Amino acid sequence: MKPIWIGTDKVSELLGISERHVRRQLSLWEYEWQEENGKKVIKVNVRSLPKEACDKYVTSLLPELSDVGMASTAEDVDTTVRAYDRANDRAKKNYDKWTLILMKCDGIVGTKELGRFVDDWNKRYPHMKTSVKSIYRQRANVDECGKISLINHRETMKSTVRDEWFDDFKTAYLTANKISVFSCRMIALGKAMERGEIKSDAEFPSMAAFSRRLKKEYAPDVIYFAREGKKKFYDNKGYHLDRDYSDLQAGQVWVGDTRTWDVFVKVPGQEKPATCYITLFMDFKTYMPMGWCLHHDAPGTENTLRAIRNGIARYGLPEEIYVDNGREYRNRDFSGQSRGHQIVDNEQYTESLASRLGIKMHFAIVRNARAKIIERNFLIIKNGFDRMFNSFKGGTVVEKPEPLKGVLKSGNFLTWDEFESLAQEYMTNVFPGLPCAGKHHAGMTRAQLWNEEIAKRTPMRRVSKDTLSMLVSRTEKGRITHMGFHVAKLDSWYWGEWMPVWKGREVTFRYDPDDMRTAWCYDKDRKLIGECTLQSSVGAMVKDDDVVSKAQIAEGVARKRHEEKLLKEICPDMTKEQAEEYIGAMRTAVGPQDIFIPEGPTHLTRHDRDSEELRRDRKVGNADIYNLVDDIDEPESTDLWDELSMGNG
């Protein structure tokens, strides 16, 4: 807003204090030194004064019109008065301004006459400038809606964009292709010209007009859904279930997942820099890390079992586990079931970890990683730990640091053992003590909330050392053969003294991936038959690949589907025919392109001369005579070709 400068004497009059006091308090307002009549004087910006003083000064500048008022025999005066009383200060000032302007220019018609009025008005009242176009618009509003339109001017203003033009614009704009506003306007312009509604760009609304109407008629989230896509919409703006943690105890539910460290390390036996992983189980309520396994081989069931064994050994048994649908969780050894979204007790494999320990399994909805709080904590770990290393590679190409290539080439980065040691230290002593932004943490760290909550409940269940050592074991079903039991995936044979009497029978074989020298076999009733030992060396280790009530989840899924269906109806996907339609419309909008191509001189080459001779020889029928006679005297040529070649020589 343009400042209004006045002298200290006028400020003294507006504030009701002495001019000397005004000079002492200059730091409270906006002021500057200006030259006036060859002298330096202090000028204060009226707009920086208190509101009462500013309004008093602006009111004093208004023209004195005794006949200015809101009364009109053609409209409801009471309604206008009530609207004026309820309006904010900005609306009242707008009403006062335009009431005066319209009264002053009443009876003045014609663009030239109004132009002279506007020029004179703007010179006399620079704080209430106007234009001919604005006067025409306000006259039309008053004629249609009465003087109340001067109060609710923003609500009564109509868009210059016609409905059919806007439909063409929004159809192109509300797509995942993210067509620019400029291109969408050009498409609408071309279609309007094709229909014969306008003849030139000058008659068409501006890009700002289209954008204003779009934002007025469509909510920002609808536009976001149409242009950014469903996944991004639900990640940032979609419906989310609000979990209630009041009935949940610390350590009751663990949520697990595996992430890739965004750091390159040196792995023994590998020439190239390698990435590594962490399989983590975290307490659902306190976000406290329970158990984890750091590994540089691909995620698999072995690492998942090691991670949960470490957590059970330290804290005890959870009652429920919440994981995704990865193969490291959906298998016979961990959850006992590999199909479906829920564990069915009578179908669950009885030798699985979940069955033996009495842990209830929960699986997240497929392709719905937002349901797991561990994903947000992985981001905290990434920003607080991964970025500390010079071999940080980033999660995307955009995050990749520029010096990374030089670091990897020099080899000056951590080995796996060094990185593992630091990661263990961070997960044990640093991460639990970091402030947590969880809404139920109330400013406490993960460790503080854990200590407070765990003291309120009965101690968690524990398991014996023998059971603990069996938690990471894997199982295989097969038959005892003449050579013993063969584990195909390990290409290994096991033998026990008791096997001869069991040949041909089906057994359950259990082994520990960390110590494969000894294994155990069970009969169909899960009774231990005996131990067996490894008979051949292992070639290559081949790895395998409701806290919230059901009613709430069902309701949330239903809402999500309804929301997606509704948005899809508003913002349909683009069709293959629209590209041709859009390009055609833009071609019409641009108009015919008459491009001047000048005719330049032809550059003749020897090939042109030879071609001309062949054409001439064909006419007389002696095309090959010069090839048959070697000593013929060729007469001196006077054609254009020799002249050109001589001239060029």
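The values are calculated or read from the model by the stated rules, or taken from the named source; none is laboratory data. All values derive from a computational prediction rather than experimental measurement. For neighbour counting, all protein chains shown are included, and Cβ atoms are generated from backbone atoms with ideal geometry for every residue, glycine included. Quick note on the areas: whole protein, heavy atoms, side chains included, nothing else; ligands and nucleic acids left out. Shrake-Rupley method; radii C 1.70, N 1.55, O 1.52, S 1.80 Å.
See the values below:
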{"quantity": "R306 - accessible surface, heavy atoms, 1.4 Å probe, Å² rounded to 10", "calculated": "50"}
{"quantity": "Fraction in percent of alpha-carbon pairs per bin - 10 Å, the stretch 258-320", "calculated": "21, 44, 25, 8, 1"}
{"quantity": "Note, ³J(HN,Hα) from phi for the stretch 316-330, Karplus 6.51, -1.76, 1.60, rounded to Hz, x at Gly and Pro", "calculated": "x, 7, x, 8, 9, 10, 10, 9, 8, 9, x, 5, 6, 10, 8"}
{"quantity": "Distance (nanometres) between label positions extended 7 Å along Cα→Cβ at H21 and A437", "calculated": "4.9"}
{"quantity": "Mean-position separation - Cα centroids, the stretch 248-315 and the stretch 84-155, in angstrom", "calculated": "70"}
{"quantity": "Net charge over other residues, Cβ less than 15 angstrom from the Cβ of E19 (K, R count +1; D, E count -1)", "calculated": "+3"}
{"quantity": "List R213, R510, ordered by accessible area with a 1.4 Å probe, largest first", "calculated": "R213, R510"}
{"quantity": "Residue-level accessible surface for S391, protein heavy atoms, 1.4 Å, Å²", "calculated": "0"}
{"quantity": "Interchain or long-range residues, amide H under 5 Å from A176's placed H", "calculated": "M574"}
{"quantity": "Reach of K39 by Cα under 29 Å, taken over lysines that are not fewer than 8 positions away in the same chain", "calculated": "K2, K10, K56, K123"}
{"quantity": "Whichever lysines have a C-alpha closer than 18 Å to that of K393, once near sequence neighbours (fewer than 8 apart) are set aside", "calculated": "K266, K272, K382, K405, K409"}
{"quantity": "Violating pairs (Cα-Cα greater than 22 angstrom) within the set K97/K133; K92/K147; K360/K524", "calculated": "K360/K524"}
{"quantity": "Local net charge near W450, Cβ-Cβ under 15 Å (Lys/Arg +1, Asp/Glu -1)", "calculated": "+2"}
{"quantity": "Two-site label geometry, Q34 and R618: point separation in nm, points 7 Å out along Cα→Cβ", "calculated": "8.9"}
{"quantity": "Three-way shape call for the stretch 447-537 based on the alpha-carbon gyration tensor, with the a/c threshold at 1.5", "calculated": "prolate"}
{"quantity": "Prolate/oblate/rounded call for the stretch 1-52, Cα gyration tensor, a/c under 1.5 rounded", "calculated": "oblate"}
{"quantity": "Ordering of 214-220, 414-420, 321-327 by packing [mean C-beta count within 10 Å, highest first]", "calculated": "321-327, 414-420, 214-220"}
{"quantity": "Nearby lysines by direct alpha-carbon distance to K178 (threshold 17 angstrom, same-chain neighbours under 8 apart not counted)", "calculated": "K170, K215, K230, K231, K232, K568, K576"}
{"quantity": "Segments 193-200, 280-287 sorted - mean Cβ within 10 Å per residue, highest first", "calculated": "280-287, 193-200"}
{"quantity": "Modelled FRET efficiency - R0 45 Å, D89 with E599, Cβ distances, 0.05 increments", "calculated": "0.05"}
{"quantity": "In nm, spacing of pseudo-spin labels at T260 and K565 (7 Å Cα→C-beta vector)", "calculated": "3.8"}
